[in-house]
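Below is one structure; the comments refer to it alone.
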């Protein structure tokens with residue numbers, strides 16, 4: 001790499017970072033922590049870096065003590081892990097000081113983790129972002145040697161989305177007619193178009209969401225993994241979107257995709273699924289009542305943001321509701337064996353062992369058509385199998401405390417549920 005190019009990049013970034021209008025996210029940085037922020041593209045990982053750099057600038061830290069590099073800068077194409085040390089050398093040549101390091105989308109540099117480990121060992125403070133879930137894998141965490149705090153970054157939760165839309169939550173506002181109407185309108189936007197930070201203030205979001213999806217599809221999945229059968233890959237995502245709420249085996253999904261004429265083998269499709277999970281486009285949860293093989297091969301899949309899911313759907317309200325609940329549970333409790341569904345004789349949408357909590361999702365529970373009875377009966381039956389200290393039915397608009405034969409079940413609207421998370 002050319003040192004002059006790196007010097008220019010460093011100087012350009014120092015001019016640009018203070019200009020970013022950052023809406024602070026609900027995250028507290030430890031003063032002496034090293035971080036790896038990982039999540040779907042455009043989820044706000046870079047904004048967390050900008051947030052931290054602007055905090056430090058306001059506290060008196062100057063650019064001679066900070067180094068920010070975005071590894072998606074086209075001027076760094078071809079950079080290898082052997083070149084990473086040049087960044088430190090150039091900064092030392094410019095300022096003669098040991099900098100706090102901010103590295104954005106570092107997964108673009110193969111072998112980055114060994115450099116990151118060395119930086120931590122040499123007492124640098126380091127903040128790293130990436131769009132590949134493998135950055136949280138056991139292998140990489142072993143190389144990093146426990147020197148970094150891994151953080152999963154999702155798109156805005158609803159309270160952050162309200163803040164981004166300059167809606168200040170207070171008891172008086174929540175109880176006022178104007179406040180209720182404004183929150184309902186804003187939630188409708190969030191429900192259908194998701195919480196990508198950059199799009200929060202857009203009046204027309206669909207084009208933005210399409211561009212983000214295409215970047216993930218073509219860049220993070222197809223190009224990175226040299227996928228040739230992109231038609232089958234597109235169909236796979238469409239079929240997954242249409243099958244939200246249902247367990248999906250690899251065999252069933254392979255048959256669904258192949259039936260459209262896009263022939264693809266099961267092993268290839270399994271690889272596609274792993275690529276999508278690595279890119280944070282989708283997440284899976286397992287059946288807590290399933291046998292080991294069934295848990296691994298017949299999970300339920302959800303999209304990381306409602307806006308991306310909604311690109312595939314027509315009249316998808318029930319799917320969007322369950323997807324929104326799933327993602328917010330994964331946001332709160334984590335992706336690794338913390339959130340499950342139950343399916344053995346009875347079906348319950350979500351079970352969280354940490355909270356002994358069971359959740360059903362029902363868009364409009366109606367006593368007249370038996371919907372409410374089906375949902376409550378499943379929760380009552382589950383209580384005889386698993387510990388269920390908390391039971392609830394998340395709905396689109398209904399709120400009620402329902403007394404049943406063995407206690408109570410809370411019926412709560414999705415908007416209120418999100419505000420209370």
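Does residue 51 qualify as being assigned to a helix (DSSP H, G or I), within 25 Å of residue 84 (Cβ to Cβ) and touching a strand residue (DSSP E or B) at 6+ places or on another chain (Cβ under 8 Å)? Against the criterion (assigned to a helix (DSSP H, G or I), within 25 Å of residue 84 (Cβ to Cβ) and touching a strand residue (DSSP E or B) at 6+ places or on another chain (Cβ under 8 Å)), residue 51 does not qualify. Out of the residues in region 257-287 that are outside any helix (DSSP H, G or I) and over 22 Å from the mean Cα position of the chain (by Cα), which is surrounded by the most Cβ atoms within 10 Å (Cβ to Cβ)? By that ranking, first place goes to 264.
Scanning region 121-160 for residues that are in contact with a helix residue (DSSP H, G or I) (Cβ under 7 Å, 6 or more places away or on another chain), part of a helix (DSSP H, G or I) and modelled with pLDDT of 95 or more yields a single hit, 158. Taking the listed residues 42, 52, 58, 75, the one that is at pLDDT below 95 and in the same structural domain as residue 11 (by TED's automatic domain parsing) is 42, with no other qualifying. For region 314-332, residues that are over 20 Å from residue 415 (Cβ atoms) and modelled with pLDDT of 95 or more total 0.
Every residue, every condition in (1) touching a strand residue (DSSP E or B) at 6+ places or on another chain (Cβ under 6 Å); (2) touching a residue at least 12 places away in the same chain (Cβ under 8 Å); (3) not assigned by TED's automatic domain parsing to the domain that holds residue 302, yes or no:
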{"residue": "127", "(1), (2), (3)": "yes, yes, yes"}
{"residue": "132", "(1), (2), (3)": "no, yes, yes"}
{"residue": "138", "(1), (2), (3)": "no, no, yes"}
{"residue": "163", "(1), (2), (3)": "no, yes, yes"}
{"residue": "169", "(1), (2), (3)": "no, yes, yes"}
{"residue": "183", "(1), (2), (3)": "no, yes, yes"}
{"residue": "187", "(1), (2), (3)": "no, yes, yes"}
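Would you call residue 193 surrounded by 18 or more Cβ atoms within 10 Å (Cβ to Cβ), within 23 Å of the chain's Cα centre (by Cα) and closer than 30 Å to residue 23 by Cα? It is true that residue 193 is surrounded by 18 or more Cβ atoms within 10 Å (Cβ to Cβ), within 23 Å of the chain's Cα centre (by Cα) and closer than 30 Å to residue 23 by Cα. Filtering 249, 199 for residues that are touching a residue at least 24 places away in the same chain (Cβ under 8 Å), touching a helix residue (DSSP H, G or I) at 6+ places or on another chain (Cβ under 6 Å) and loosely packed, with under 14 Cβ neighbours inside 10 Å leaves a single hit, 249.
The values are calculated or read from the model by the stated rules, or taken from the named source; none is laboratory data. This is a predicted model, so every value here is computed, not measured. Positions of Cβ are backbone-derived with ideal geometry, glycine not excepted, and every protein chain shown enters the neighbour counts.
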